[in-house]
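One structure is given below, encoded as C-alpha cells.
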Amino acid sequence: MFNGVMLLWWILTVPSFLFVAIDVWRTPAATVIKWAFIILVAFTGPIGAFFYVLGCREPLSGIHEDYVSVRWRQVMGSTMHCAAGDGIGIIVGAAIGAGLALNFWPDFLLEYTMGFGFGWAYFQAFAMRNMAGGSYSKSLRITFLPELLSMNLLMSGMLLTTRFSMRAIAGGDNPARPEFWFIMSMALIVGFAFAYPINWWLVANHMKHGMFTVRKEPVPAPSGRQPVDAMPAGPPPVQPGIRAKVAMTVLTFAILGGALLVVTQLALP
C-alpha cells in the first residue's frame, strides 16, 4: 500500500515538475521566484504545481500585477520563497546527517544551520538585494529577522514530520532509498503549512515581500498601479515596534522548542 502511494506520488511529480519548469519562464515574476517554484515542485509535486497555477501563473496577459496583489497570494509567495530556500538547505543537511549517521542533536543543528544559512544568505539577502538598493550587507540586515521567524516554523513542521515518519517507515532514514525522499517531500509540505501563518504576519507588517511582478517591457496600468519590482518611492512602510518583534521571535522559538520536546520524548529510539 505504502509503496503504491509513493510510486503514484513520483509519477505525478514528474509531469508537474516538467510543466512548471517550462511554463514558469513565461510568467512575469522575478527570476528567484521562478527558481523557487521549480525547486518547490521538485519536492512537492502536484501540490506545488497547484500552488504555482493558483498563486503566480498569469491567467491573462497583462494582469499579473493585479492577480498577485491579493494578500493570500502575497503570503503564498513569501512562504514558497522560504520553503524553497530554507527547505532545500534542511533537506541537504538531513541527507548529509543521515549519510554520516549523526546523532539527533548534531543532525538537527546541521539541518537548521544549512537551512537558515542558504535561505537567508542566498534566497533572501543575495537574490533580493535589489530591493535593498543593491547592497548585499544591507539586505542581510533587513532580511535576518523575517527569515529567522519563518525558518523556525518551517523547521518545526519538517522536524515533526521527518522524525515520526522515519521511525515508522523502514528505510526512511536512508538517503539511498526512495522512502527518504518521499518523507522529505511530505515534510516540506507540512513545513509550508506551519510557516504560512507567520509569513502572513510578516507580509502584513511589511517585513517580507510577497509575490511580485517583473516585466521586460512595461504594460499599461489603467488602475494607476506602480511596478513592484523595486522598493516604492517615499518613506518605507511602518513596521511593528521592537516589542512586537521580540514577542514574535519568542513565540517562534517556543514553537520550535515544543517540536523538539515532542520529538525527543516520543520519536527518538
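Taking a straight Cα-Cα cut-off under 20 Å and skipping sequence neighbours fewer than 8 places away in the same chain, the lysines within cross-link reach of Lys34 are Lys208, Lys216. Packing-based ranking of 62-68, 27-33 yields 27-33, 62-68, ordered from highest to lowest mean Cβ neighbour count within 10 Å. Building the convex hull from the alpha-carbon atoms of segment 79-193 and averaging its projection over directions returns 6.7 nm². For Leu260, the accessible surface of its heavy atoms amounts to roughly 20 Å² (probe 1.4 Å, protein chains only, rounded to the nearest 10).
Could you order Tyr196, Tyr52 by accessible surface area, starting with the largest, using a probe radius of 1.4 Å?
The ordering from most to least exposed comes out as Tyr196, Tyr52.
Between Asn205, Asn152, Asn103, the GNM of the chain built on Cα springs shorter than 10 angstrom shows Asn103 fluctuating the most. Taking amide H atoms as placed 1.01 Å from N in the peptide plane, the amide H of Thr27 has no partner under 5 Å among residues 5 or more positions away or on other chains.
Legend: residues Lys245, Lys216, sorted from most to least accessible area (1.4 Å probe; ligands, DNA and RNA excluded), read Lys216, Lys245. Length gained on full extension, Leu7 to Ile96: 29.6 nm, using 0.36 nm per residue less the C-alpha separation. What angle, in degrees between 0 and 90 and rounded to the nearest 10, separates the Cα long axis of helix 31-55 from the longest principal axis of the Cα atoms of the chain? Relative to the chain, helix 31-55 is tipped by roughly 60 degrees. About its Cα centre, segment 38-122 has a charge dipole of approximately 120 debye under the convention of +1 per Lys or Arg Cβ and -1 per Asp or Glu Cβ, with nothing else charged.
Thr161 exposes around 20 Å² of accessible area when a 1.4 Å probe is run over every protein chain in place.
The calculated FRET efficiency for the pair Ala244 and Tyr122, based on their C-beta separation and a Förster distance of 25 Å, comes to about 0.35.
Going by accessible surface with a 1.4 Å probe and the largest first, Trp9, Trp25 read Trp25, Trp9.
When a 1.4 Å probe is rolled over the protein heavy atoms, the share of accessible surface on segment 1-142 that falls to carbon and sulfur comes to 71 percent.
Pairs of Cα atoms in segment 1-55 fall into 10 Å distance bins, from 0 up to the last occupied one, in shares of 27, 50, 17, 5, 0 percent.
A 1.4 Å probe, protein heavy atoms only, puts the accessible area of Met166 near 40 Å².
Place a +1 charge on the Cβ of each Lys and Arg in the chain and a -1 charge on the Cβ of each Asp and Glu, then give the dipole magnitude about the Cα centre in debye, rounded to the nearest 20.
480 debye
Within the shell defined by Cβ-Cβ distances under 14 Å, the residues around Ala125 carry a net charge of +2, with Lys and Arg each +1 and Asp and Glu each -1.
Sorted largest first, the principal axis extents computed over the alpha-carbon atoms of the chain equal 60, 45, 26 Å. Helix 178-204 axis versus longest C-alpha principal axis of the chain: approximately 40°, rounded to the nearest ten. On full extension, the segment bounded by Ile63 and Ser137 gains 23.3 nm, given 0.36 nm per residue less the C-alpha separation.
The values are calculated or read from the model by the stated rules, or taken from the named source; none is laboratory data. Keep in mind that this is a model prediction, so the values were computed, not measured. Reconstructed Cβ throughout: ideal geometry from the backbone, glycine too, with neighbour counts over all protein chains shown. These accessible areas exclude ligands, DNA and RNA; they are computed on the full protein's heavy atoms, side chains included. Shrake-Rupley method; radii C 1.70, N 1.55, O 1.52, S 1.80 Å.
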